[in-house]
Each structure stands twice: as structure tokens, then as C-alpha cells.
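The next block holds one structure in the form of C-alpha cells; read it before the comments.
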Amino acid sequence: MSDTLTLRRPDDWHLHLRDGAMLRAVLPETARHFARAIVMPNLVPPVVTGAQAAAYRDRILAALPGDMSFEPLMTLYLTEDTDPDDVAAAHASGLVKAVKLYPAGATTNSASGVRDFDRVRGVLERMAEIGLPLCVHGEVTDSDIDIFDREAVFIDRVLDPIRRTTPGLRVVMEHITTRDGADYARAGGPDLGATITTHHLIINRNHILVGGIRPHYYCLPVAKREEHRLALRAAATGGEACFFLGTDSAPHVDHLKEHACGCAGCFTATNTMSILAEVFEQEGALDRLEGFTSLHGPAFYRLPPNEDRITLTRGAPVSYPAKIDSGDGTVTVFDPMMPLHWRVA
Ligand code: DOR
Ligand code: ZN
């Protein structure tokens, strides 16, 4: 087996960069390896309008160290008051690459999300017309639905009806966590894609709960049973174009993770490429890593793949920091519970 691997530079199709000091702390972790990222809009307050997205993009670029290059691909946070004309203008100007649907209450800073899906029909129809993708946090929020079932129920009750009533709408199922999600994505044709995170290839729900509660493995959608993790590994490493990397790297300071009501999110920006190379090697699929990290995502978003390359080399276990400093407290880097042998040169 060769111990050098050269790939087109990867992109991250789902990333949380936050703002202020946290933005300055985490942006280099992503920009070191990734050329572009779809940047999530769940700030407080959320990024709802084109003007807010333009201002956020400027703050991201201002936070980028001078010796790094990185292109933030901006998103708008869909609310029941979103103006279809504002969305269309932000898309036409090239600023905005997707709109994000959070069901209200589903996750971090989703309170302004959608409660009544009929109230966003006009925006979705306009997006279908102009080909602007909808990135979907696919979980129902009904209190009577068990948290481990919320993705599968969302597909039946919300996602499938939206796709049937809005023909031509291009949808990314974000951070799928189940076999159900992978199967639905596979069957959806060219207008449906799905991102898979790094951490959902590593952890199942036992890792969160057995032998003590491990808050740094808690994220949303929550990791499911082992059979689902294996289905995600098969999807990510199988070479199908509908699956691509969206790390959902989501930094929270440690004192808010290690808390009586801990925040959801795994921070994987620092070691994602090493973890993915290890996973693809374990699955005998190193030749498919480039598709997952660097080709399928641009194809779905109708953007050219990156022209420059990164090289990974295999050797002695890679060292990386256990925590990074955010200015406001430390952020724990995701622990994959195994040595990583692939380093980005
Ligand atoms: O684990 C998560 N963290 N899932 C999300 O959907 C949001 C994210 C965050 O913003 O912290
Ligand atoms: Zn996310």
C-alpha cells in the first residue's frame, strides 16, 4: 500500500464558524486544509437577509490570517418571514449558495426556524425556480417522538412531502445519521444530496452513554445505533455521488459542553482529514476519499472542484492538540479513540 495520497483540496459542505473571538480561533483550523465551506447561519441573531450574509462574509474574511486563503460559501437562515425576492437577489449576486432550514427548536439557535412549513412555500418555490439548494436539518421536534427516531420521522412527515409539493427543489439532507437517511438520499435522484459528518463515522450512541456521559460526543442529530454508523460508513466510502463531506464541526467552549445542560456539537475541524483517511483506509476505500471530500460536493453545488492539491502521508501517529483556545475558554478537539496515521503535509 502506498503511504502517500494526493487529493484535490477538500471543501467542507457544512461548517459552523461562529463569530468574534471564536471565529478567529476556529477559522484557521478549517482554512489550513479546506478551500471552501458552506457556512451555517445559526448565529445569535441568525443570518437571515442577504445584507446580513454579506456582513458576516466580510467578518469571516477579516478574521482569516493573512497567509491563508479560504472562500466562505454563505447561507441564509430560513424563517417564516423570509422574503423570496431577497433570497433570489442574494443568490443572483453570487453571495449565497444555499438556504438553511431549521425546524424551530431542533438544535442550537434554531428558535427562529420554521414551525409551519406552509408559510415557507413561496420561498421554496422560488428556490426551485432558480436552482438554489435547501440545506435541511432533518429532525422533527415533536415532544412525543423519541430523539433517536426524529430523523426517520422527519423524512416521512416533512421532507418527502416538501419534495413532492416542490418539484425541482434541490435539497441537501444535512448530517444524516441513519440507514433510513442514506437510503432516502440514494433513491432521490440528482436533486437530492446528503452530507455525512466525520464524527458520525466514528461514534454510535454507546460512546456517548456507556461508562459515564461523554458530553464531547453529544451532537445533533445525536449518534444512533451501531448499525446506523455502519450504514453511514458504507455510504461515505461507497463512491456514490450523492454523499459528500459536511463536518458539522461545531465549537462550543468546554464549560458549556461540560454542563448540566450541555451544548450539542463536536469540534472536528482540526483532525478531520486525518480521521477520514484512517476510516477510508480501514474500509479499503482510500481511492474514494477524494470523491467524498473534494468532488461530489462541488458537483452537487454546481461549482468547479478545487484545482490545487493536498498530500497526505502515512506514518507514525499524528499529534494534534487536545484543545484549542478560543479566547473565551478552551474547545475540545474531537477524540476519535484511535491513533491517526495520515497527516496532511
Ligand atoms: O451538534 C450540533 N451543533 N448540531 C447542530 O445542528 C447545530 C450545531 C451547533 O450550532 O452547535
Ligand atoms: Zn450544523
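Which one of T79, A55, V99 has its Cα pushed farthest toward the positive end of the charge dipole of the stretch 1-118, where Lys and Arg give +1 and Asp and Glu give -1 at the Cβ?
Checked the options; the winner is A55.
Given axes a ≥ b ≥ c from the Cα gyration tensor, I'd like to know whether the stretch 125-252 is rounded (a/c under 1.5), prolate (a/b larger than b/c) or oblate.
On the way: a/c = 1.99, a/b = 1.60, b/c = 1.25.
Because a/c hits 1.5 or more and a/b exceeds b/c, the stretch 125-252 counts as prolate.
Pull out the extension gain between A89 and A51, defined as 0.36 nm times the separation in residues minus the alpha carbon to alpha carbon distance; nm, one decimal. Let's see the in-between values first.
Values: separation 38, 0.36 × 38 = 13.68 nm, distance 1.03 nm.
Length difference between fully extended and current span is 12.6 nm.
Ordering T107, T293 by how much accessible area each has at a 1.4 Å probe, largest first, what is the list? Show your work: numbers first, answer last.
Numbers: T107 30, T293 0 Å².
Order by accessible area, largest first: T107, T293.
Of L220, L78, which has the most accessible area and how do the rest follow, probe 1.4 Å?
Details: L220 25, L78 0 Å².
Output order, biggest surface exposure first: L220, L78.
Work out how much length D58 to A241 would gain on full extension: take 0.36 nm times their residue separation and subtract the Cα-Cα distance, in nm to one decimal.
Details: separation 183, 0.36 × 183 = 65.88 nm, distance 3.19 nm.
Contour length minus Cα-Cα distance gives 62.7 nm.
Would you mind working out the magnitude of the charge dipole of the stretch 206-264 relative to its Cα centre, with +1 at each Lys and Arg C-beta and -1 at each Asp and Glu C-beta, to the nearest 20 Debye? Mind dumping the intermediate values first?
Numbers: 6 positive and 6 negative charges, 24 e Å.
Approximately 120 debye in magnitude.
Could you tell me what percent of the DSSP beta bridges with both partners in the stretch 4-344 are antiparallel, to the nearest 5?
Details: 11 of 35 bridges.
Close to 30 percent.
Measure nothing but the geometry: give the 0 to 90° angle between the long axis through the Cα atoms of 50-63 and the longest principal axis through the Cα atoms of the chain, rounded to 10°.
20 degrees
Relative to the longest principal axis of the C-alpha atoms of the chain, give the angle of the C-alpha long axis of helix 226-237, reported between 0 and 90° and rounded to the nearest 10°.
The helix 226-237 is inclined about 90 degrees to the chain.
Using a probe radius of 1.4 Å on heavy atoms only, what accessible surface per residue do you get for the chain? Whole Å² is fine. Don't jump to the answer; show the numbers that get you there.
Details: 13490 Å² over 345 residues.
Here the residues of the chain average 39 Å² of exposed surface.
Would you mind getting me the FRET efficiency between D81 and R302? Use the beta-carbon distance for r and R0 = 30 Å, nearest 0.05.
Working: r = 28 Å, r/R0 = 0.94.
Working from the Cβ atoms, E equals 0.60.
Take the cross-link list K224/K257; K100/K257; K97/K323 and give me the ones stretching past 26 Å between alpha-carbons.
Numbers: K224/K257 20 Å; K100/K257 24 Å; K97/K323 31 Å.
Checking Cα-Cα distances, K97/K323 exceed 26 Å.
Using only Cα atoms, what Kirkwood radius does the stretch 192-345 have, in angstroms? Please report the intermediate quantities before stating the final value.
Working: mean 1/r = 0.0613 Å⁻¹.
About 16.3 Å, per the Kirkwood formula over Cα pairs.
With only Lys, Arg, Asp and Glu charged, each at its Cβ (+1 for the first two, -1 for the last two), find how big the charge dipole of the stretch 70-174 is about the Cα centre; round to the nearest 20 debye.
On the way: 11 positive and 19 negative charges, 65 e Å.
Magnitude of the dipole: close to 320 debye.
For T313 and D328, calculate 0.36 nm times their separation in residues minus their Cα-Cα distance, and state this gained length in nm to one decimal. List each step's numbers first, then the result.
Working: separation 15, 0.36 × 15 = 5.40 nm, distance 3.41 nm.
That pair, T313 and D328, stretches by 2.0 nm at full extension.
For the Cα atoms of the chain, what angle does the longest principal axis make with the long axis of helix 20-31, in degrees from 0 to 90, nearest 10?
Around 60 degrees separate the two axes.
Name the residue farthest towards the positive end of the dipole of the stretch 4-344 from the options L169, I130, A25, assuming +1 on Cβ of Lys and Arg, -1 on Cβ of Asp and Glu, about the Cα centre.
Checked the options; the winner is A25.
Assigning unit charges at the beta carbon (Lys, Arg +1; Asp, Glu -1) and nothing else, what dipole magnitude in debye, to the nearest 20, does the stretch 4-344 show about its Cα centre? Please list the in-between numbers first.
Values: 34 positive and 44 negative charges, 114 e Å.
My answer is approximately 540 debye.
Please label the shape of the stretch 4-344 as rounded, prolate or oblate, based on the square roots a ≥ b ≥ c of the eigenvalues of the alpha-carbon gyration tensor (a/c under 1.5 means rounded; beyond that, a/b larger than b/c means prolate, else oblate).
Numbers: a/c = 1.30, a/b = 1.23, b/c = 1.06.
Here the stretch 4-344 falls in the rounded category.
Measuring from label point to label point, each 7 Å out along Cα→Cβ, what is the M338 to A260 span in nm?
Going by the 7 Å Cα→Cβ label model, 3.8 nm.
Using square roots of five times the C-alpha gyration tensor eigenvalues, list the equivalent-ellipsoid semi-axes of the stretch 255-345 in whole Å, biggest first.
Working: eigenvalues 151, 67, 33 Å².
Listed largest to smallest, the semi-axes of the stretch 255-345 are 28, 18, 13 Å.
The values are calculated or read from the model by the stated rules, or taken from the named source; none is laboratory data. These numbers come from a predicted model, not from an experiment. Neighbour counts are summed over all protein chains in view; Cβ atoms, including those assigned to glycine, are modelled from backbone coordinates with ideal geometry. Note: areas computed on protein heavy atoms with side chains; ligands, DNA, RNA excluded. Shrake-Rupley method; radii C 1.70, N 1.55, O 1.52, S 1.80 Å.
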